[in-house]
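To start, the structure under review is shown below, and the notes come after it.
Bear in mind these aren't lab numbers, they're just calculated from the coordinates by the rules spelled out. What you see is a predicted model; the values in this text were computed from it and never measured. As a convention, Cβ positions derive from the backbone with ideal geometry for all residues, glycine included, and neighbour counts pool all protein chains shown.
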Amino acid sequence: MLQQTGVSRVLERYDDFCERFPTPAVCAAAPAGALIEAWRGLGYNRRALHLHAAARRITAAGGRFPDDLDGLLALPGVGPYTARAVLSLAFERDVGVVDTNVGRLFARLGGRRLSRTEAQRTADRLVPAGRSWVWNQALFDLGATVCTRRAPACARCPLQSHCAWRGEGADPADGSAGVSASQAPFEGSDRQGRGRLVEALRSGPRPASAAAHLMGLEDDPPRAGRILASLLRDGLVVERDAELRLPV
């Protein structure tokens, strides 16, 4: 849920979601559409499908959750950041975790742009033995609250004396691996159109002919058609008997 979604929005849904889908087996047995319904407000609905597919894979393997990097990376929707976060925060393995905040922090400390490999090697090298769980969360918080993207609070940073940048000159974090670039505006985007249609289908099937209207794109049917095609291709929407609905 925390992939590209703020903590405050996740907290609004997390407890209810876990109560409804408490185990991989329960999650796997539910229709995919049920997860999409429960994902309301979190955005990036494909993550719900990935979670459903991962739960099915775990259940098919006897319910054993992977506890190694390769096993985690084999799960649908799990990339290097998520896999290492699970290893550190769930299994307390001594691995570094590089999110956008940590990537920005390391680039500024070193005073230069870092490749993805360099950022990960730095993270792994700095983890204190046996303290991965608290160390990585401390770095997350430092990057999120002090070494921020805009207006970093360098004067109160506990690492100021070790920092090569210190807020002076060009920011080495710009373009550095692991540091998210600014997204295009959501208003009027294809993402907004996708979200509007999925949200409408959470209340039940709708006529396929109403897709452009439900997206707010009545004046641009070709664009609405492309967006609908992408949703069908991603498996977030299915079409049956001239109706659109969430997958089962």
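If amide H atoms are built 1.01 Å from N in the plane of the peptide, which residues on other chains or at least 5 residues away come under 5 Å of the amide H of R93? The answer is S88.
The string of couplings for the stretch 48-63 from the Karplus curve (6.51, -1.76, 1.60, θ = phi - 60°) is 5, 5, 4, 4, 4, 5, 5, 4, 5, 5, 5, 5, 5, 8, x, x Hz, one whole number per residue in order, with x for Gly and Pro.
Computed from the Cβ-Cβ distance with R0 of 25 Å, the FRET efficiency linking D190 to L2 stands at 0.60. Cβ under 14 Å from D16's Cβ, D16 left aside: what net charge do those residues give with Lys, Arg +1 and Asp, Glu -1? Charge balance in the 14 Å sphere: 0.
Computed over the stretch 47-104, the percent of Cα pairs more than 17 Å apart is 40. Each residue, A138 and Q160, gets one label point 7 Å from its Cα in the Cβ direction; the gap between the two is 1.9 nm. Relative to the longest principal axis of the C-alpha atoms of the chain, give the angle of the C-alpha long axis of helix 190-201, reported between 0 and 90° and rounded to the nearest 10°. Here the helix axis deviates by roughly 50 degrees. Using a cutoff of 8 angstrom between alpha carbon atoms and counting only pairs six or more residues apart, the relative contact order for the chain works out to 17 percent.
Normalising the Debye intensity of the chain to I(0), with uniform scatterers on Cα atoms only, and taking log10 at q = 0.07 Å⁻¹ returns -0.31.
Calculate, for E19 and R40, the FRET efficiency according to 1/(1 + (r/R0)^6) with r their C-beta to C-beta distance and R0 22 Å; round to the nearest 0.05.
It comes to 0.90.
Its Cα gyration tensor gives the stretch 100-162 an equivalent ellipsoid, and the semi-axes of that ellipsoid, as √(5λ) in whole Å with the largest first, are 18, 15, 10.
From the square roots a ≥ b ≥ c of the eigenvalues of the alpha-carbon gyration tensor of the stretch 125-241, which class results: rounded (a/c under 1.5), prolate (a/b over b/c), or oblate?
prolate
For the stretch 154-166, 3J(HN,Hα) computed residue by residue from phi via the Karplus equation (6.51, -1.76, 1.60; θ = phi - 60°) reads 4, 5, 10, 7, x, 9, 4, 5, 9, 8, 7, 8, 6 Hz, glycine and proline entered as x. Residues whose amide H lies under 5 Å from that of E243, counting only those 5 or more places away or on a different chain, are A208; hydrogens are built 1.01 Å from N in the peptide plane. For the chain, a crude dipole built from +1 on the beta carbon of Lys and Arg and -1 on the beta carbon of Asp and Glu, taken about the Cα centre, is about 380 debye to the nearest 20. Convex hull volume of the C-alpha atoms in the stretch 7-89, normalised per residue: 95 Å³.
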